[in-house]
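The values are calculated or read from the model by the stated rules, or taken from the named source; none is laboratory data. Keep in mind it's a predicted model, so treat the numbers as computed, not measured. Positions of Cβ are backbone-derived with ideal geometry, glycine not excepted, and every protein chain shown enters the neighbour counts. Please note that ligands, DNA and RNA were not included when accessible areas were found on the heavy atoms of the full protein model with its side chains. Shrake-Rupley method; radii C 1.70, N 1.55, O 1.52, S 1.80 Å.
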Amino acid sequence: MRTLDTPPLPDDDRDTELESPPPAARRPIVLATVAGFVLGGCVLGLLWGLSGQRTGANVDAAAACAAFARVGRIPDTTDGVDAAQFIRMSDDAVHRVTGAMELAKAAATFDGNYQPLAKALDTVNKMVLSSRFDNREQQAAVVQVEQLCARG
């Protein structure tokens, strides 16, 4: 019988052996599994992130249309009406047009389908900021915005 004070016997080499490494055949499988898990997680995260941006673009475009609808009537002096009879638009209406333009630009950044809305609202915004409502191309942009927003 062996006690703690006695040295190990020469034939008792079980305790001194090092454990052998796992067989090399398992290493590639383990590495492939870990790599697949990491790659799959990255792809899933990327898809999840991109899907949220498109949804955000839809929400931004809808908010742009809602802000534009709250502007009210935009004066039109293209038919020879004296421009002096129109007072500039109220500050809140001007801010809504600018806000609608910014929201449409944000939507167009993530989804190119909203580029026409952003361009048309940019044109309307320039007209409103200049208080010049006699330009036919700019007035056509007002109609275009209304049509694009009506489509949804």
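Annotations for the structure displayed:
Each row is one residue, and each column tells you yes or no for (1) of a type in the set (Asp, Glu); (2) more than 26 Å from the chain's Cα centre (by Cα); (3) modelled with pLDDT under 90.
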position	(1), (2), (3)
73	no, yes, yes
78	no, yes, yes
85	no, yes, yes
88	no, yes, yes
91	yes, yes, yes
114	no, no, no
122	yes, no, no
127	no, yes, no
135	no, yes, yes
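- Whichever residue in the stretch 86-101 is without any contact (Cβ under 8 Å) to a residue 12 or more places away in the chain and not β-branched (Val, Ile, Thr) and, among such residues, is most open to solvent (accessible area, probe 1.4 Å): 95
- Evaluating residue 118 against the criteria (1) under 16 Å from residue 146 (Cβ atoms); (2) within 19 Å of the chain's Cα centre (by Cα); (3) of a type in the set (A, V, I, L, M, F, W, C); (4) modelled with pLDDT under 90 leaves one unmet condition, (4).
- Residues located in the stretch 36-54, provided they are open to solvent by 60 Å² or more (accessible area, probe 1.4 Å) and either over 25 Å from residue 108 (Cβ atoms) or at pLDDT 75 or above (or both): 37, 38, 39, 42, 43, 44
- Residue pairs meeting the criteria (Cβ under 6 Å; at least 6 apart or on separate chains; first aliphatic (A, V, I, L, M), in the stretch 56-78; second open to solvent by less than 40 Å² (accessible area, probe 1.4 Å) and not in a helix (DSSP H, G or I)): 57/111
- Among residues of the stretch 136-149, those that are within 17 Å of residue 101 (Cβ to Cβ) and either without any contact (Cβ under 8 Å) to a residue 12 or more places away in the chain or open to solvent by 60 Å² or more (accessible area, probe 1.4 Å) (or both), counted: 6
- Just so you know, in the stretch 103-112 the residues that are surrounded by 16 or more Cβ atoms within 10 Å (Cβ to Cβ) and in a helix (DSSP H, G or I) include one that is nearest to the chain's Cα centre (by Cα), and it is 110.
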